[in-house]
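Before any comments, here is the structure.
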Amino acid sequence: MARAVIAIHGGAGAISRAAMSADKEQHYRQELAAIVAAGQQILAAGGSALDAVTEAVRRLEECPLFNAGKGAVFTHQGTHELDACIMDGRTLDIGAVAGVSHIRNPVLAARKVLEASPHVLLIGAGAEAFAAAQGLEPVAADFFSTPERYAQLQRALHSEALLLDHDGAAQTAGDPLDPDRKFGTVGAVALDSHGNLAAATSTGGMTNKQVGRVGDSPLAGAGCYASNDTVAVSCTGTGEVFIRTQAAYDVAAQMAYAGRSLQQATASVIHDKVQELEGSGGLIAVDAQGNVALPFNSEGMYRGFAWVDGNIEVAIYRDS
Ligand code: ASP
C-alpha cells in the first residue's frame, strides 16, 4: 500500500517582515494546518487523491487570505477573472475553467468539467453556464472583492511596473508575504493509499492583469499536472514563465525520460529553467513513492504537507 500524502500551497512571493505580526503569521499557519488536516483525513479514510485535492483547494478558495475564490485579485479594469484546473493521475483526465467571474468555487467547476464534460477546458460565459447547469452556486461578480485586494490594485495602477513586482511593501495589510509581490494562487497535490496521484490549482491570477489574460494555473502541463507514472505538481508564480517552460510537465518529463529524482527534477525546473527566464515562484510535488518536494525561488511560499500517519508541517519562509 502506498504511503499516502498531501501537500498544499497558498502562493509564493516576497516577504515583508516589517508588516508581519506574530498573530498574523499564526493565523496563516493555523489555516494551512487545518486544510492539510482535512486532506489528511480524507486520505486516512481511504479516500481518493482526487477528492483530497478537490477539498483542500475548495477550502483554500473559501479562505480570503489566499488569492483564489473569495479574496481573488483584481484585473486592470477592476473585475475578477478566476482560473482553475484539476488532473487525475490515474486516468490523465483533466478538468479546467478559465476567465470565470461568477463561480464561487472554480475548483468544483473544474472537477465537473473533468467528470461531466467531453472537454478539458471551458472559458468565460460558457464555463459559467456549464457550472450552473451542474448545480454549482453562482455568485455576483463582486463576491470575490475585498478591500485589501482593491487597495492592492490601486497601488499597482499607480506604479511603473505592470503586474505584481512593484514597490509597495510598506503598505501591506499585515500579510507576511508582501501582498503586492505575492502570487497567491493555491494548489494541492496528493498520493492516496491506492497509489493514485492527483493535482489541483486555482487562482485569481495577477493583480492588474489585462482582462482576458489567462495564466498557467488552468493549463495542464504548465501550472498543474498529475500522472501515476511519475508525479503530481501544482505551481505558483509568474504564470507566463510557467507556461513558457511547461513547468509542471517538465518535472514529470525529467523523471520519466532522464530518470531524475523528484528533488532533482523539481529543483531543475524552479531554480534553473524558471529562474533563467526571470520567473518567480515555486511548486509543490509528490511522486508515486510518496516523496514530497516544495521548492521556490521567491522569498517565501505558504505551504504545508502531511503523510497520512505523520505530523502536519507548515511553513512560510525559506528558513522555516
Ligand atoms: N501563476 C498565477 C498566474 O500567473 C499567479 C499565482 O501563482 O499567484 O495566474
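The values are calculated or read from the model by the stated rules, or taken from the named source; none is laboratory data. Please read all numbers here as calculations on a predicted model, not as lab measurements. Virtual Cβ from ideal backbone geometry, glycine too; neighbours counted across all protein chains shown.
Cβ separations smaller than 7 Å between residues 6+ apart or across chains give the following pairs from the stretch 198-213 residues that are touching a residue at least 60 places away in the same chain (Cβ under 8 Å) and hydrophobic (A, V, I, L, M, F, W, C) to residues that are more than 12 Å from the ligand (Cβ to nearest atom) and part of a loop (DSSP other than H, G, I, E, B): ALA198/GLY89; VAL211/HIS76; VAL211/GLN77; VAL211/THR79. Which residues, counting only those in the stretch 199-219, are surrounded by fewer than 24 Cβ atoms within 10 Å (Cβ to Cβ), hydrophobic (A, V, I, L, M, F, W, C) and more than 10 Å from the ligand (Cβ to nearest atom)? VAL211 - this is the single residue of the stretch 199-219 that is surrounded by fewer than 24 Cβ atoms within 10 Å (Cβ to Cβ), hydrophobic (A, V, I, L, M, F, W, C) and more than 10 Å from the ligand (Cβ to nearest atom).
Does THR245 count as modelled with pLDDT of 95 or more, within 13 Å of ALA7 (Cβ to Cβ) and either among the hydroxyl-bearing types (Ser, Thr, Tyr) or loosely packed, with under 15 Cβ neighbours inside 10 Å (or both)? Considered against the rule, which asks whether it is modelled with pLDDT of 95 or more, within 13 Å of ALA7 (Cβ to Cβ) and either among the hydroxyl-bearing types (Ser, Thr, Tyr) or loosely packed, with under 15 Cβ neighbours inside 10 Å (or both), THR245 comes out as no.
Among the candidates ALA45, ALA52, which residue alone is farther than 14 Å from THR201 by Cβ and without any contact (Cβ under 8 Å) to a residue 12 or more places away in the chain?
Result of the check over ALA45, ALA52: ALA45.
Quick check: is even one residue across the stretch 142-152 hydroxyl-bearing (Ser, Thr, Tyr), within 16 Å of the ligand (Cβ to nearest atom) and either at pLDDT below 80 or at positive phi (or both)? Yes; the residues of the stretch 142-152 include at least one that is hydroxyl-bearing (Ser, Thr, Tyr), within 16 Å of the ligand (Cβ to nearest atom) and either at pLDDT below 80 or at positive phi (or both). Condition check: at pLDDT below 90, in a loop (DSSP other than H, G, I, E, B) and farther than 26 Å from ALA37 by Cα. Does ASP165 satisfy that? Criteria met by ASP165. Considering only the stretch 222-240, I want to know if a residue exists there that is part of a helix (DSSP H, G or I), surrounded by fewer than 23 Cβ atoms within 10 Å (Cβ to Cβ), within 16 Å of the ligand (Cβ to nearest atom) and in contact (Cβ under 8 Å) with a residue 24 or more places away in the chain. Yes, because at least one residue in the stretch 222-240 is part of a helix (DSSP H, G or I), surrounded by fewer than 23 Cβ atoms within 10 Å (Cβ to Cβ), within 16 Å of the ligand (Cβ to nearest atom) and in contact (Cβ under 8 Å) with a residue 24 or more places away in the chain. Just checking, does the stretch 184-194 include any residue being under 26 Å from ALA109 (Cα atoms), surrounded by 24 or more Cβ atoms within 10 Å (Cβ to Cβ), at pLDDT below 85 and within 14 Å of the ligand (Cβ to nearest atom)? Yes. Between TYR317, TYR249, the distinction of being farther than 22 Å from ALA84 by Cα and either away from the ligand (no atom under 15 Å from the Cβ) or in contact (Cβ under 8 Å) with a residue 24 or more places away in the chain (or both) belongs to TYR317 only.
Selection of the stretch 261-305 for residues being part of a loop (DSSP other than H, G, I, E, B), surrounded by 17 or more Cβ atoms within 10 Å (Cβ to Cβ) and of a type in the set (D, E, K, R) yields only GLU299.
Residues checked against (1) touching a strand residue (DSSP E or B) at 6+ places or on another chain (Cβ under 7 Å); (2) outside any loop (DSSP other than H, G, I, E, B):
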site: ASP23; (1), (2): no, yes
site: GLY39; (1), (2): yes, yes
site: PRO64; (1), (2): no, no
site: GLN77; (1), (2): no, no
site: HIS119; (1), (2): no, no
